[in-house]
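Structure first, commentary second.
None of the figures in this text is laboratory data; all of them are computed from the coordinates on show. Model, not experiment: these values are computed from the prediction. Don't worry about glycine lacking a Cβ; one is built from the backbone with ideal geometry, like all the others, and counts go over all protein chains shown.
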Amino acid sequence: MPNLLIVGPPGAGKGTQAARIAEALGVPAVSTGDIFRQNIKDRTELGERVSAILDAGEYVPDSLTNELIDDRLAQADAEQGYLLDGYPRTAGQVEFLDGVNLRRGEQLDAVIRLVAETDEVVRRLLARAQEQGRSDDTEEVIRHRLEVYERETAPLIAIFAERGLVVEVDGIGAVDDVTERILAGLAERGIAA
Ligand code: AMP
């Protein structure tokens, strides 16, 4: 089963699509953002450490995030493959994940790149703020998260492109249509259920 990433700016629909694609392919969808939010909700020690960072729209330090991913990918359901959503976000995290894969005797099979324009993602994130009340979905923090994404994470796509891994998908449109596009792009690379 495949080792996959889904990348794209905040608001591109990564979480929604990750759940669907993971289900279709029989791998767990692992979202570092979801894990951090759950820890904050449960008031764990990790949650206490990262709460203010998420509220500010900054990145959690690599040391914490990498350890989290190491533990999560060691769990039984991820033995056969995974779909990571929101990780890796920094060059240090890419390097760490390469090490994890090396230890597993595996490599990444594809990187799904969800493409969406800034105006559209801001619109979606503001709508999500109304629906879900996420504390990092205020207009000011949204703008900051997009800046951090452009500075820290967007440049990493070139690394995956050099490795020939990127499946580029238009993230605008009905949720079902976007899922179909992703599954079709993966199937072209021989990745299917
Ligand atoms: P997300 O749900 O992916 O939008 O992530 C929400 C927030 O969690 C981000 O704005 C960061 O504060 C934190 N976060 C999630 N994943 C990472 C990561 N890979 N590296 C650093 N911070 C992260």
Exercise for the section: Could you grab me the full set of residues in segment 172-193 that are closer than 17 Å to Ala18 by Cβ and among the basic types (Lys, Arg)? Expected result: Arg181
Fill in the blank from the handout: Of the residues in segment 80-96, those that are under 13 Å from the mean Cα position of the chain (by Cα) and not basic (Lys, Arg) come to Tyr82, Leu83, Leu84, Asp85, Gly86, Tyr87, Pro88, Thr90, Gln93, Val94
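Output yes when any residue across segment 89-111 is aliphatic (A, V, I, L, M), loosely packed, with under 13 Cβ neighbours inside 10 Å and under 20 Å from Leu165 (Cβ atoms), and no when none is.
Of the residues in segment 89-111, the ones aliphatic (A, V, I, L, M) are 91, 94, 97, 100, 102, 108, 110-111.
From what's left, loosely packed, with under 13 Cβ neighbours inside 10 Å: 102.
Subset that is under 20 Å from Leu165 (Cβ atoms): 102.
Yes, that holds for at least one residue.
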Practice task
Could you please let me know if Ala187 is in a helix (DSSP H, G or I), more than 19 Å from the chain's Cα centre (by Cα) and among the hydrophobic types (A, V, I, L, M, F, W, C)?
Solution key: yes
Practice task
Could you please let me know if Gly173 is over 16 Å from the mean Cα position of the chain (by Cα), crowded, with 17+ Cβ neighbours inside 10 Å and either more than 16 Å from the ligand (Cβ to nearest atom) or in a helix (DSSP H, G or I) (or both)?
Solution key: no
Problem - segment 120-149 - residue that is part of a helix (DSSP H, G or I) and basic (Lys, Arg) and, of those, surrounded by the most Cβ atoms within 10 Å (Cβ to Cβ) - result: Arg145
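Each row is one residue, and each column tells you yes or no for (1) touching a residue at least 40 places away in the same chain (Cβ under 8 Å); (2) in contact with a Leu (Cβ under 8 Å, 6 or more places away or on another chain); (3) more than 10 Å from the ligand (Cβ to nearest atom).
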site: Asn39; (1), (2), (3): no, yes, yes
site: Asp42; (1), (2), (3): no, no, yes
site: Leu54; (1), (2), (3): yes, no, no
site: Tyr59; (1), (2), (3): yes, no, no
site: Thr65; (1), (2), (3): no, no, no
site: Leu73; (1), (2), (3): yes, no, yes
site: Ala78; (1), (2), (3): yes, no, yes
site: Leu83; (1), (2), (3): yes, yes, yes
Handout entry: Which listed residue is within 15 Å of the ligand (Cβ to nearest atom), over 16 Å from the mean Cα position of the chain (by Cα) and crowded, with 19+ Cβ neighbours inside 10 Å, from Val7, Val50
Key = Val50
